[in-house]
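The structure under discussion appears below in the form of structure tokens.
The values are calculated or read from the model by the stated rules, or taken from the named source; none is laboratory data. Values in this document were obtained by computation on a predicted structure and should not be read as measured data. All Cβ positions, glycine included, derive from the backbone under ideal geometry; neighbour counts span all protein chains shown. Calculation scope for accessible area: heavy atoms of the full protein, side chains included, ligands and nucleic acids excluded. Shrake-Rupley method; radii C 1.70, N 1.55, O 1.52, S 1.80 Å.
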Amino acid sequence: MEENSANPGTRVDSGQPVSTVTAGSGSSNSLAFDFGQLRRFPDIEAANLFAHDPTDELILREAASALAISDGGHVAIVGDRYGALTLATASIHGLTSLRVHQDGLSGERALAGNAERAGLSGQYTSMALGPELFANAQVVLWQLPRSLEELSEIAQLISAHAAADVQVFAGGRIKHMTLAMNTVLAAHFSSVVPGRAWRKSRPLTVTGPVQEGTASSFPKREFHADARLWLCSHGATFGGTKIDVGTRFLLEFLPEMRQDAAVAIDLGSGNGTISAALAQARPELTVIATDQSAAAVASTKATALANGLADRIQAVRDDALAGFAAGSADLIVLNPPFHVGATVHAGIAHKLFAAASRVLAPGGELWCVYNRHLDYKGALAKTVGETRVAGRNSKFTVTVSIKT
């Protein structure tokens, strides 16, 4: 899609995100919101990682007229990264009782911190992704996901549970938007209208929900005969119902993992493949699965249930083991992400290595799989303890680190 650089009401320049936005022409409120006050913390912070992007501003401008006449109790916000949509809506339009869903716990905590600093803590409620989030909503603000499955799950929920006259103001970065998104949205709404692109973002206005029922088609499930496992997945879960290729290599080393371990943690559980494989292979083991993604935790629980392991696997939403006591685990298994949002960044892996080191008991083992070119062995040795390469193939390296 071709970018249109026409000015929609604020300055346009290259490089850094715009720092303020005001209510659009459809609103009598001319208050400005300063995006520069927003932080990503406790998520990774770096010079090339921002707490908002132009899409937030574009969505707010497209929705300004609808928000100006809205009752906050009928506004739902989904996909807000660190609170830009929520806090600007509350500040510019004076709305309260906003309903907000963020899949990542770090984003949810960043919103809470940003709201407290802005004096807006009481203006919204964080909610799970489900019917209650969208019940009778008349306006929905939506930072579009890259995943078509996540797009489909959210669209399905809005269509089934929002008001019949709901207006959905969505948007995304052009490089991450595809025509397939329009097809997915068109399955649940009668009208999907793209707006003018600005600063490499494009808005979509979606109306006319096709309310054919309230039952969700998620989580999806798939049986993998080679692993003897059902895998389940909600839309935002990395890898869906598949076994990640790195995880598949790591599973080959299950028999070598600490045999006398009483408690094992699957750090970044995703769809629950590692947790289920561990519980299946080691009946004596207490398995705790943790992920900061709400979708991943729900997927892991569904996978455990589908394999008859619900009483063996405890799934917990947590950010980098913050809720776990030091020295409380004998074994941690990790397939670390190599990106933060859409940006390739090693910071998240190093954050998880440090977390694992804190939670491992002396002599405990961290088993890790990562892309071969990343060469994390030195960092693992420095952060956790003595580290050796347990295996390597053409794409991945598996290491084991012993907590000193």
Exercise. Of the conditions (1) open to solvent by less than 10 Å² (accessible area, probe 1.4 Å); (2) without any contact (Cβ under 8 Å) to a residue 40 or more places away in the chain; (3) within 30 Å of Val316 (Cα to Cα), Leu85 fails just one. Which one is it?
Worked result: (2)
For this session: With respect to Glu108, determine if the residue is acidic (Asp, Glu), more than 17 Å from the chain's Cα centre (by Cα) and either within 19 Å of Gln143 (Cα to Cα) or in a strand (DSSP E or B) (or both).
Result: no
For this session: With respect to Gly378, determine if the residue is closer than 19 Å to Pro255 by Cα and either buried (at least 22 other Cβ atoms within 10 Å of the Cβ) or among the small types (Gly, Ala, Ser) (or both).
Result: no
For this session: Within the stretch 205-239, track down each residue that is closer than 20 Å to His101 by Cα and part of a loop (DSSP other than H, G, I, E, B).
Result: Thr214, Ala215, Ser216, Ser217, Phe218, Pro219, His234, Gly235, Ala236, Thr237, Phe238
Problem set entry | Residues of the stretch 33-49 classified as more than 16 Å from the chain's Cα centre (by Cα), under 13 Å from Gly83 (Cα atoms) and touching a residue at least 24 places away in the same chain (Cβ under 8 Å), total | 5
Exercise. Do the conditions hold for Val389, that is, is it at negative phi, open to solvent by 30 Å² or more (accessible area, probe 1.4 Å) and either part of a helix (DSSP H, G or I) or modelled with pLDDT of 95 or more (or both)?
Worked result: yes
Exercise. So Ala135 clears everything in (1) under 20 Å from Asp71 (Cα atoms); (2) crowded, with 23+ Cβ neighbours inside 10 Å; (3) among the small types (Gly, Ala, Ser) except one condition, right? Which one?
Worked result: (2)
Exercise. Which is open to solvent by 40 Å² or more (accessible area, probe 1.4 Å), among the polar types (S, T, N, Q) and more than 19 Å from the chain's Cα centre (by Cα), of Ser91, Ser121?
Worked result: Ser121
Problem set entry | Selected residue [over 19 Å from Phe238 (Cα atoms), touching a Phe, Trp or Tyr at 6+ places or on another chain (Cβ under 9 Å) and modelled with pLDDT of 95 or more] from Leu309, Leu366, Leu334 | Leu366
Problem set entry | Residue under evaluation Gln167, criteria (1) surrounded by fewer than 23 Cβ atoms within 10 Å (Cβ to Cβ); (2) within 23 Å of Glu57 (Cα to Cα); (3) without any contact (Cβ under 8 Å) to a residue 40 or more places away in the chain, criterion not met | (3)
For this session: Could you please let me know if Val168 is over 26 Å from Asn271 (Cβ atoms), at pLDDT below 95 and not small (Gly, Ala, Ser)?
Result: no
Exercise. Any residue in the stretch 71-78 that is at pLDDT below 90, part of a loop (DSSP other than H, G, I, E, B) and closer than 23 Å to His161 by Cβ?
Worked result: yes
Seminar exercise, completed: Across the stretch 356-369, the tally of residues that are outside any helix (DSSP H, G or I), open to solvent by 10 Å² or more (accessible area, probe 1.4 Å) and not small (Gly, Ala, Ser) stands at 2
